[in-house]
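Below you'll find the structure, written out as structure tokens, and then a few comments.
The values are calculated or read from the model by the stated rules, or taken from the named source; none is laboratory data. Keep in mind that what you see is a predicted model, and the values were worked out from it rather than measured. Here Cβ is always computed from backbone atoms with ideal geometry, including for glycine, and neighbour counts include all displayed protein chains. To get the accessible areas, we keep the full protein, side chains included, count just its heavy atoms, and leave off ligands, DNA and RNA. Shrake-Rupley method; radii C 1.70, N 1.55, O 1.52, S 1.80 Å.
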Protein chains: 2
Amino acid sequence: MTPPYQLLAETAAGGRRGRLLLPHQTVETPVFMPVGTQGTVKAVPQDTLESLGVEIILGNTYHLYLRPGHEPIRRMGGLHRFISWPRAILTDSGGFQVFSLNALRKVTDDGVQFRSHLDGSSHFFTPEHSIDVQIALGADICMAFDECTEYPATRDRAEESLRLTMAWARRSLDHFRAHCGEVPWRNQLEHKQGVPHPSSAWVGSHDPQSPALGPAQSWVPPVPRPWGPGSDPAQSEIGSRTQSLFAIVQGGMYRDLRRQCAERLVEMDFDGYAIGGLSVGEPRELTLEMISEVLPLLPKDKPRYVMGVGYPDEIEQYARLGVDMMDCVLPTRAARHALLFTSEGRLNIKNKQYSEDQSPPDPACQCPVCRRYSRAYLRHLMNAGEPLSATLNSIHNLAYYLAIMQRVRTSLESAPTPFQA
Amino acid sequence: MTPPYQLLAETAAGGRRGRLLLPHQTVETPVFMPVGTQGTVKAVPQDTLESLGVEIILGNTYHLYLRPGHEPIRRMGGLHRFISWPRAILTDSGGFQVFSLNALRKVTDDGVQFRSHLDGSSHFFTPEHSIDVQIALGADICMAFDECTEYPATRDRAEESLRLTMAWARRSLDHFRAHCGEVPWRNQLEHKQGVPHPSSAWVGSHDPQSPALGPAQSWVPPVPRPWGPGSDPAQSEIGSRTQSLFAIVQGGMYRDLRRQCAERLVEMDFDGYAIGGLSVGEPRELTLEMISEVLPLLPKDKPRYVMGVGYPDEIEQYARLGVDMMDCVLPTRAARHALLFTSEGRLNIKNKQYSEDQSPPDPACQCPVCRRYSRAYLRHLMNAGEPLSATLNSIHNLAYYLAIMQRVRTSLESAPTPFQA
């Protein structure tokens with residue numbers, strides 16, 4: 001098995017230039033991961049994400065479990081193939097949505113009972129079930145099932161929540177180790193190692209001989225992988241890569257609880273470590289304090305992921321402190337609500353001042369939206385309620401986030417490699 | 001001035017293979033024109049339309065007049081530049097929307113008083129005003145202001161409506177001839193004929209020296225024209241092309257009224273002729289009867305346009321009878337309501353039978369959606385209310401319509417040229 005993370009360079013401040021070696025994609029870090037809640041980054045087609053250079057997206061286990069369901073997705077060859085996304089995917093554990101979308105949930109040591117926000121049907125999630133669902137979806141990175149501690153929380157409440165998260169992390173890991181071989185694309189990758197197949201240019205393609213797939217499924221999307229053999233130096237190893245499981249450090253806003261949680265999880269030896277329960281309403285200084293507390297405790301040879309952040313200045317700040325991965329709905333959600341992030345600051349594209357402004361959304365941006373459309377046109381689309389508004393605004397905001405991370409990666413490359421340091 | 005239409009070949013049944021020589025684009029006919037009501041073909045980005053081969057789109061004068069307004073669009077260099085669409089645009093006269101969206105309209109010989117469907121504000125449209133608005137928008141083809149006769153209509157009502165339409169056609173033409181030189185891109189095209197300008201690759205770009213444009217408007221979208229000099233044999237003449245004005249043949253479902261209208265309008269000598277007031281609820285045989293009545297009366301050296309049609313089999317049928325241009329919201333509107341047109345028939349993508357169907361929407365289609373995505377995924381997007389659903393469905397339906405017209409054009413090319421016949 002290939003280790004999933006390579007540290008390439010590290011700054012004195014802790015910033016890390018690295019590389020995630022995932023089954024479907026080698027991902028350059030630090031990386032910002034767009035959120036594709038229901039198997040789509042809202043309003044943005046997959047080929048646009050590719051051309052923006054997106055290497056990894058998120059899928060939400062809770063949403064995909066409820067609709068269309070993990071079993072149909074497994075039968076169709078996994079999430080990559082279902083949504084026609086040949087690059088990497090990370091799925092969350094479903095825990096966050098179970099807690100945030102369900103007022104009537106019932107938590108026991110065994111798991112969480114909740115009602116679907118779609119139809120009120122009753123469901124029970126355990127750590128084992130969350131892992132089963134994530135293996136069925138076939139994400140490159142799965143997350144351990146956790147309880148996200150709300151803010152504010154008393155110390156007693158945070159301690160109790162932490163106890164649950166650590167017990168569930170252990171169960172998630174044990175179940176993952178026993179079953180991660182059941183990933184739906186495993187045969188596809190092995191196949192890829194062997195005799196070339198006409199459709200093998202697409203990692204997500206399945207073996208047409210496979211009896212598990214019916215006749216209607218013999219179609220293989222003929223999408224060329226732009227990063228195919230030759231363009232990716234690690235491509236030849238890709239078949240030996242497997243799903244990874246990351247743990248989630250909780251502990252509320254209590255530094256000692258965070259420390260305790262990180263140390264216990266590191267002992268369990270996960271493939272990577274996330275810091276969760278942040279960006280839940282606390283002041284920004286507290287977010288930074290928790291991240292700074294936890295990062296030094298995490299092993300240098302494993303990736304570190306801060307969940308659910310953040311604003312453009314935040315993701316740059318955290319990346320320079322040593323965070324390798326971040327995700328947030330902010331760029332796409334803000335886009336749908338007229339908020340554009342630009343090098344000149346935030347811009348509410350609904351404002352009347354832009355009604356005849358023919359400059360691009362961000363004059364310093366090279367994205368396809370800024371190269372083609374004006375503020376006046378984007379304002380018109382938003383005011384007219386046109387669906388193209390969400391698409392163009394989202395493309396720009398994502399491009400803005402991705403460009404920040406590209407700049408950070410470039411600046412981190414000038415740092416000494418860890419071996420020279 | 002270049003004549004706006006070239007007839008290349010004609011079949012015994014009347015089918016015509018031709019070419020529209022418009023200021024922003026040479027358009028191969030017969031052509032289907034996607035509708036971009038509010039300056040956007042709903043849910044489809046402009047670069048996608050280009051890659052699908054769309055050469056001309058529609059804009060709705062009524063909608064653009066109300067929002068963002070024709071004067072702002074004129075100040076920004078015209079509709080092409082405002083929406084960043086360098087190919088051809090046709091604008092309707094606003095008449096159809098005034099009548100269909102306004103229960104409280106008041107018609108006199110002078111024009112129509114109506115209330116905005118957006119804010120209830122009062123507006124008055126005359127033929128002259130409609131033409132002024134269309135010149136400000138700068139469409140390649142303008143339409144004369146008409147009254148679209150409803151269906152069913154008594155003979156008296158149809159006669160009265162026809163009288164109005166013919167009087168308004170005369171006034172539209174006189175006003176157009178007096179003012180068509182005021183089009184916002186006129187200087188841009190003249191400029192293009194002279195010294196090359198760094199941004200002249202984009203016809204819609206303006207002269208940065210123009211005092212009419214403020215400092216914020218010095219930005220020029222650097223969109224390369226894929227059909228620039230060299231790729232379009234008529235490119236060198238493009239600067240001499242001007243806006244065209246088409247008349248609209250009305251007359252309800254009365255053959256003699258249609259004939260009378262066509263003959264009078266032809267005497268006035270418009271650049272092209274549309275057949276309006278069809279697809280308004282009448283049976284399909286009646287639509288065909290009216291089209292067949294009018295077509296032989298129209299001059300062979302002018303383009304013929306049937307407005308607001310139709311289903312895939314209809315547009316093919318009419319094109320083979322000699323209709324050069326058609327437009328319809330159907331492919332994009334149906335797409336947003338889950339209806340896909342395919343070589344296997346109509347397909348309601350919401351149906352449960354597609355929940356695990358991994359075949360493409362249309363196995364015979366080569367569009368980017370059919371090459372990448374499955375029915376199961378499109379069904380999921382629709383059921384989950386995802387905005388990508390409208391985008392992908394619309395792209396496929398438009399591609400399906402465009403492919404029909406491409407096939408028709410190819411088959412018409414085997415007909416003898418009119419000179420050999």
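When Rg and the Kirkwood Rh are both derived from Cα coordinates, the Rg/Rh ratio for the protein assembly as shown amounts to 1.03. Total buried accessible area between B and A, probe 1.4 Å, nearest 100: 4200 Å². Among the protein heavy atoms, those of A:L286 account for about 40 Å² of accessible surface (1.4 Å probe, every chain in place).
Once you reduce segment B:237-272 and segment B:305-319 to the center of their Cα atoms, the two points are 18 Å from each other.
Across segment A:74-184, the volume of the C-alpha convex hull divided among the residues equals 114 Å³ per residue.
What the pair-distance distribution of segment A:235-317 shows, using all Cα-Cα distances binned every 5 Å from zero, is 3, 14, 25, 22, 16, 10, 6, 3, 2, 0 percent.
Classify chain B as rounded, prolate or oblate from the Cα gyration tensor: take a ≥ b ≥ c as the square roots of its eigenvalues, call it rounded if a/c is under 1.5, otherwise prolate when a/b beats b/c and oblate if not. Cα axes put chain B in the rounded bin. Computed FRET efficiency, Cβ-Cβ of A:R177 and B:E344, R0 51 Å: what is it to the nearest 0.05? The pair A:R177/B:E344 has a calculated efficiency of 0.65. For chain A, the relative contact order is 20 percent, taking Cα pairs closer than 8 Å that sit 6 or more residues apart in sequence and dividing their mean separation by the residue count.
With the label put 7 angstrom out from Cα along the Cα-to-Cβ vector, B:R157 ends up 6.7 nm from the copy partners, going from closest to farthest.
Cross-link pairs exceeding 22 Å in C-alpha to C-alpha distance, out of B:K42/B:K350; A:K42/A:K302; B:K42/B:K300; A:K42/A:K106, comprise A:K42/A:K302; B:K42/B:K300; A:K42/A:K106. Other residues lying with their Cβ under 10 Å from the Cβ of A:K42 contribute a combined charge of +1, Lys and Arg counting +1, Asp and Glu -1.
If you average the C-alpha positions of segment A:6-23 and of segment B:350-421 separately, how far apart do those two centres end up, in angstrom? Comparing the Cα centres of segment A:6-23 and segment B:350-421, I get a distance of 44 Å.
Solvent-accessible area per residue for the protein assembly as shown at a 1.4 Å probe radius, Å²? It amounts to 36 Å² per residue over the protein assembly as shown. At q = 0.12 Å⁻¹ the log10 of I(q)/I(0) for segment A:1-73 amounts to -0.46, computed by Debye summation with a single uniform scatterer per C-alpha, solvent ignored.
Solvent-accessible area of the protein assembly as shown (1.4 angstrom probe, protein heavy atoms only): carbon and sulfur portion equals 52 percent. Remark on segment A:48-77: accessible area falls by at least 20 square angstrom from chain-alone to full-complex state for A:R67, A:R75, A:M76, probe 1.4 angstrom. Measuring nothing but how far apart in sequence close Cα pairs (under 8 Å, 6+ apart) lie, relative to its length, segment B:25-168 scores a relative contact order of 21 percent. Using the Cβ-Cβ distance between B:K352 and A:A103 with R0 = 30 Å, the FRET efficiency computed as 1/(1 + (r/R0)^6) comes to roughly 0.50. When the helices of the protein assembly as shown are scored as -39500 (n - 2.57) per DSSP H run of n ≥ 4 and the total is divided over every residue, the value at 222 nm lands at -11000 deg cm²/dmol.
With its label point put 7 Å out from Cα toward Cβ, B:D174 sits 9.3 nm from the same residue's point in the other copies, in order from shortest. Seen from B:F114, the other residues with C-beta closer than 9 Å to its C-beta sum to a net charge of +3, counting Lys and Arg as +1 and Asp and Glu as -1. Over all other residues within a Cβ to Cβ distance under 15 Å of A:F99, the charged ones net out to -1, with Lys and Arg as +1 and Asp and Glu as -1. Treating r as the C-beta distance of A:V266 and A:E289 and R0 as 25 Å, the FRET efficiency rounds to 0.80.
The 1.4 Å probe gives accessible areas that order B:H337, A:H129, largest first, as B:H337, A:H129.
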